[in-house]
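Written out below as structure tokens is the structure these notes cover.
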Amino acid sequence: MNIEQFTDKPEIILTGDRATGPLHLGHYIGSLKQRVALQSVHDQTILVADMQGLTDNAHNPSKVSSNILNVVADYLAVGIDPIKTTICLQSQLPALAELTMYYSNLVTIARLERNPTVKSEIQNKGFERSIPAGFLTYPISQAADISAFNATLVPVGDDQLPMLEQTNEIVRKVNSLAGKTVLNECRPLLSKASRLPSTDGKNKMSKTMGNAINLGSSEKEISVAVKSMYTDPNHLKIEDSGCVEGNVVFTYLDAFHSDKNYVGQLKEHYQRGGLGDGTTKKILEECLQDMLRPIRERRAEYLNDKAQLVDILAKGSQVSREKTEKVLFDVKDIFGLNIL
Ligand code: TRP
């Protein structure tokens, strides 16, 4: 889906990130770049999902609270403009929690347990029978996030598609109770970039696994991460022919190097033999250092002025509070609860 096709009909965009760690290159290529482009054309809100972050971190709340401003600084550093994009904090919007309560009555436990993303997260996190109720039900809270803004378009990674499906199920139930369209169904906007592998080529990138390059990573951290990147384990001597598929260095060059012809030539050379991993890593490192240096510097400047970050979040939350209260009123109306 390309961005231009929406220009004649601006969409209401709502997207968000759990505030559980600083954002990394996967976020940048998968969604942040797209949000920067979308903000000039559409009515875009970005939600810092602190409450959703707590659904599996309530025992360690500072993992969430200490990352809220980091995430806002990440947004600003990559070019999200708070004049064009409303940036708000989930816990500052009480309408979201209220909507979650009403929607909870429209969703069965069995349906929640079938959500494939929640299912695999439960397995990965080793919850077994001790699943926090808030975690199992976070798709309902995400449906509240999306519908409270009446969003029509939600830029997300493919792991979030089950959340949008559940959101639309709830929206249809609410509309059918109302006998008219009160809430918009939403569509996903998937990035054209495929999911970026972790530097070890094994897992989904994650801060805790130490296999991601963050937007705020230092020069040294970037250098160490690139040098330890997974390549072709059978490419032992420089003159050997090497494999490009699954070679993380080439995946990152494809994603971030501006000269695609040059990357094409490098791939041919690598496959032919005679191009060492040291050289390809050096090329990638230079590319990433050049790209991340200005982002890291801007990020540090923003984090130096926390009062400004707080102010941006407070203003964005105020605007969002008003929008979401309106939708809450409409939903309460459907249940006949606006009697006072
Ligand atoms: N679940 C999303 C994630 O883990 C974060 C999120 C919360 C979100 N609320 C949202 C995304 C609403 C899109 C729309 O990244």
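The values are calculated or read from the model by the stated rules, or taken from the named source; none is laboratory data. Predicted model only: the values in this text are computed from it and were never measured. Reconstructed Cβ throughout: ideal geometry from the backbone, glycine too, with neighbour counts over all protein chains shown. Remember, those area values only see protein heavy atoms, side chains included, never the ligands or the DNA or RNA. Shrake-Rupley method; radii C 1.70, N 1.55, O 1.52, S 1.80 Å.
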Checklist entry - Got the relative contact order for the chain handy, in percent, Cα pairs under 8 Å and 6 or more residues apart? => result 22
Checklist entry - Under a 5 Å amide H to amide H cut-off, with H placed in plane at 1.01 Å, what residues pair with Gly16 once short-range neighbours are removed? => result Leu47
Checklist entry - Asp43's amide H: which non-local residues (gap 5+, or another chain) put their own amide H closer than 5 Å, with H modeled 1.01 Å from N in plane and none for Pro or chain starts? => result Glu11, Ile13
Item to check | For the range 1-130, size of Cβ-based charge dipole, Lys and Arg +1, Asp and Glu -1, in debye | outcome: 320
Item to check | the range 120-275 - percent relative contact order, Cα under 8 Å, separation 6 or more | outcome: 15
Checklist entry - With all protein chains present, how much of the accessible area of the chain (probe radius 1.4 Å) comes from carbon and sulfur, to the nearest whole percent? => result 52
Checklist outcome for this item: Burial-style ranking of 258-270, 189-201, average other-beta-carbon count within 10 Å with highest first, yields 189-201, 258-270
Checklist outcome for this item: Expressed per residue, the solvent accessible area of the chain in Å² (1.4 Å probe) is about 48
Item to check | Residue among Gly16, Gly126, Gly134 with the largest mean-square fluctuation in a Gaussian network model of the chain, springs linking Cα atoms under 10 Å | outcome: Gly126
Next on the checklist: What figure, in Å² to the nearest 10, do you get for the accessible area of Tyr102 with a 1.4 Å probe and non-protein molecules left out?
Outcome noted: 50
Item to check | In degrees, nearest ten, helix 306-334 long axis to first principal axis of the chain (Cα) | outcome: 40
Checklist entry - Taking a 29 Å limit on the Cα-Cα distance, which of the listed pairs Lys33/Lys220; Lys84/Lys125; Lys84/Lys281; Lys125/Lys220 fall beyond it? => result Lys84/Lys125; Lys84/Lys281; Lys125/Lys220
Checklist entry - Long-range amide H contacts for Ile87: which residues qualify at under 5 Å (H placed 1.01 Å from N, peptide plane, sequence gap of 5 or more or a different chain)? => result Ile46, Gly316
Checklist outcome for this item: Residue by residue through the range 178-185, the couplings from Karplus 6.51 cos²θ - 1.76 cosθ + 1.60 with θ = phi - 60°, in Hz, x for Gly and Pro, are 6, x, 7, 7, 9, 10, 7, 6
Checklist outcome for this item: Going residue by residue through the range 244-258, the Karplus relation 6.51 cos²θ - 1.76 cosθ + 1.60 with θ = phi - 60° gives ³J(HN,Hα) values, rounded to whole Hz and with x marking Gly or Pro, of 8, 5, x, 7, 4, 4, 6, 4, 6, 4, 4, 6, 10, 7, 6
